[in-house]
Amino acid sequence: MPEQISLSTQQRDTIRTLLKIITDKVSTNIQDAQLPNGLLSGLAGQLLFLYKAYEYDASLVDEALFSEKLEALQEGLDQQTFELSNGLAGQAWMLEYLNQADPENYDPELLEEVDELFRASLDIQPWQGEIEMVLGLSGFAPYASRRAKQSDQAALYEVIVSGLESTATRLDNGHITWSQPQESVYRFNKDEPTEPEYNLGLAHGVPGIIAALLPAVHIPSLQARVTTLLLGACDWLLAQQSPDSTSQACFGSCAGGEHHSRLGWCYGDLTIAMTLARVGQQLDRPSYIERALDIALHAAERDEQSGHITDAGLCHGFYGMALIYQILNQLMPHPRLVQAMQYWVDYSLQQYTERGVESLYAYNGLDKDYHEDFGFLMGYAGIGLALTTLFDDDTGWVDCLLMA
């Protein structure tokens, strides 16, 4: 078992208080607000948190309210767009997660129509749309990999892999990468849409594509193709690392730019290290794991100032940092990673002690102010999920963010 952090009695009490506050706020929000049904910022993500909160302490959650809203979500599936963030891919992932959580009553037919819908709708060669995970093709991989735990998903993964193959850039040295599509909303350089732009974030770039492909390496009919893509892409990714060991960040936000990035799930060294370690373990490439650990240990020296941490959420906040170091230590147990997780847990709980509930607010870069956010990616629901994992070390739900 990897080494665990130490929580004092006072910290445990603070976490329990926080979970009660967050559960009450999320429950009120889903009851009163006209929410979209999405996973990352809507109803599905908030129901995911309430489910985990119920596992922690059933008295915190109104079962009748949970059941009512879960039923409403299921009834609205046929009215959704398809993407992960607010659409069917994220909602269906959540329903499959809940379905698998009760093995004795698992319903294998619950999402069979969704399997076929995705398989047919994604079968476009060459792929024409977004390729990243939030709105694009890689965002269907969490659903496919979660479903593959209980059913054959070779057909769905075939179209995902084929789509990503069709958009890949293959270099003469064997490296493989992906440029943001010309019309992508996630392009930094929208003035030069024909210029290649290689994004290095897990949310919108090459690391996320690598993570999306990885589960398909276990499908016999796809294994050779996926292995080629993974090795070529990881080798390309490692070639983007800063040669300057004194740089705060090992990777920038885009290839060819400055080696400067925040710490977070969405961008930065930590989830690059996580992705490399996962590929190294699955493909028996010790060199990837060694490089991943070096990158993670380098990032562990950064704090809230050098990491540009300005709020609390999973995406790029201090509770997200605690969770990411927890996952990294599960992958590559190391005392320094435990220390880093301990730092961010201590920092997060101290923020609450000093600032109260406002320490949980999300920072809005547009108006430069803090606001309540109830969602999974940026707000209360994700913070609550990170807190529950401190007690049970269960990070099984993070596959929806391409971290497992």
Residue check for V185: more than 20 Å from M94 (Cα to Cα) and touching a Leu at 6+ places or on another chain (Cβ under 6 Å): no
I'd like to verify a number: residues in the stretch 350-363 that are in a helix (DSSP H, G or I), open to solvent by 10 Å² or more (accessible area, probe 1.4 Å) and within 26 Å of L40 (Cα to Cα), how many? 6
From the option list L377, L366, L385, single residue qualifying as within 19 Å of the chain's Cα centre (by Cα), open to solvent by 10 Å² or more (accessible area, probe 1.4 Å) and more than 13 Å from T310 (Cβ to Cβ) is L377
Name the helices (runs of 4 or more DSSP H) wholly within the stretch 73-151 that hold at least 1 residues that are surrounded by fewer than 21 Cβ atoms within 10 Å (Cβ to Cβ)? 88-100, 112-121
Restricting attention to the stretch 155-186, report how many residues are within 23 Å of C234 (Cα to Cα) and part of a helix (DSSP H, G or I). 11
Tell me yes or no: at least one residue of the stretch 224-237 is without any contact (Cβ under 8 Å) to a residue 24 or more places away in the chain and open to solvent by 10 Å² or more (accessible area, probe 1.4 Å). yes
Lone unmet requirement of (1) open to solvent by less than 50 Å² (accessible area, probe 1.4 Å); (2) at pLDDT below 95; (3) of a type in the set (K, R) for K190: (1)
Could you tell me whether any residue of the stretch 239-254 is farther than 26 Å from D392 by Cα, of a type in the set (A, V, I, L, M, F, W, C), in contact (Cβ under 8 Å) with a residue 60 or more places away in the chain and assigned to a helix (DSSP H, G or I)? yes
Hey, V26 hits all of (1) within 25 Å of the chain's Cα centre (by Cα); (2) free of Cβ contacts under 8 Å to residues at least 24 places away in the same chain but one; which does it fall short on? (2)
Quick one: which of L323, L337, L331 is under 15 Å from G384 (Cα atoms), at pLDDT 95 or above and surrounded by 20 or more Cβ atoms within 10 Å (Cβ to Cβ)? L323
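The values are calculated or read from the model by the stated rules, or taken from the named source; none is laboratory data. Note that the coordinates shown come from a computational prediction; the quantities given were computed from them, not determined experimentally. Glycine gets a Cβ as well: all are built from the backbone with ideal geometry, and neighbour counts include every protein chain shown. Each accessible area value is taken on the protein alone, full model and side chains, heavy atoms only, with ligands, DNA and RNA left out. Shrake-Rupley method; radii C 1.70, N 1.55, O 1.52, S 1.80 Å.
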